[in-house]
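A short write-up of the structure that comes next.
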Amino acid sequence: MTHGEICAPGNESLIRPGTGERKAQLYSYLRRISAGCGWLLFGYEWVHVSYETPRREQLLFVFILVTNLIAIHISIHFWIAHNKRLATQGRRGLMTRYTSPVFSQDHLGRRLFLDDRSFLSREIVVSINGDCKFYAAAPEG
C-alpha cells in the first residue's frame with residue numbers, strides 16, 4: 001500500500017512474512033509425530049491381543065481394517081477436493097461463521113494509513129494526526 005491508502009478488509013500482509021509458514025510447518029510436524037505414536041501404540045496393542053485370539057479372527061480383522069482404512073482415506077480425499085472446489089467458486093455454504101477483520105480504522109475510530117515499507121521494517125513509527133493514524137517504517141540507523 002502507498003502512504004494515504006486505507007487498509008483493505010482481510011489484508012493478510014499485516015502479518016510478518018514467514019511467521020505463518022513456520023507455524024504451519026511446526027504444526028504439521030507435530031501432527032505427524034503424534035499420529036505416528038498413536039499408530040505405534042495401536043500396532044503394539046494389536047500384536048499383544050493377537051496372541052490370545054484364533055487365527056481366523058485375526059485375518060478377518062486385518063481384512064476389515066485395511067478395507068476401512070482405504071475407504072476412509074478415499075472419502076477424505078474426495079471431501080477435501082469438494083471443499084476446495086466450493087472455495088474456489090466462492091460458495092462455502094449458506095452461512096459462514098468466519099468474518100474477515102476490517103482494518104480501515106482502529107477501535108477509537110481513527111482511519112489507518114500504512115506505508116509500503118512498514119510491512120518489512122523491523123521498527124515502525126506510529127503517528128497520530130487528528131482522526132488519522134499513520135504507520136511508517138522507522139529511519140535506518
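The values are calculated or read from the model by the stated rules, or taken from the named source; none is laboratory data. Quick caveat: nothing in here was measured; it's all calculated off a predicted structure. Cβ placement follows ideal geometry from the backbone for every residue including glycine, while neighbour counts extend to all protein chains displayed.
Conditions tested, residue by residue: (1) farther than 25 Å from CYS132 by Cβ; (2) of a type outside the set (Lys, Arg).
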site: THR53; (1), (2): yes, yes
site: GLU57; (1), (2): yes, yes
site: ILE76; (1), (2): yes, yes
site: ALA81; (1), (2): yes, yes
site: LYS84; (1), (2): yes, no
site: GLN89; (1), (2): yes, yes
site: ARG97; (1), (2): yes, no
site: VAL102; (1), (2): no, yes
site: PHE113; (1), (2): no, yes
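Does region 28-44 include one or more residues that are outside any helix (DSSP H, G or I) and free of Cβ contacts under 8 Å to residues at least 60 places away in the same chain?
Looking through region 28-44, none of the residues is outside any helix (DSSP H, G or I) and free of Cβ contacts under 8 Å to residues at least 60 places away in the same chain.
For region 106-132, enumerate the residues that are modelled with pLDDT under 90 and small (Gly, Ala, Ser).
GLY109, SER118, SER121, GLY130
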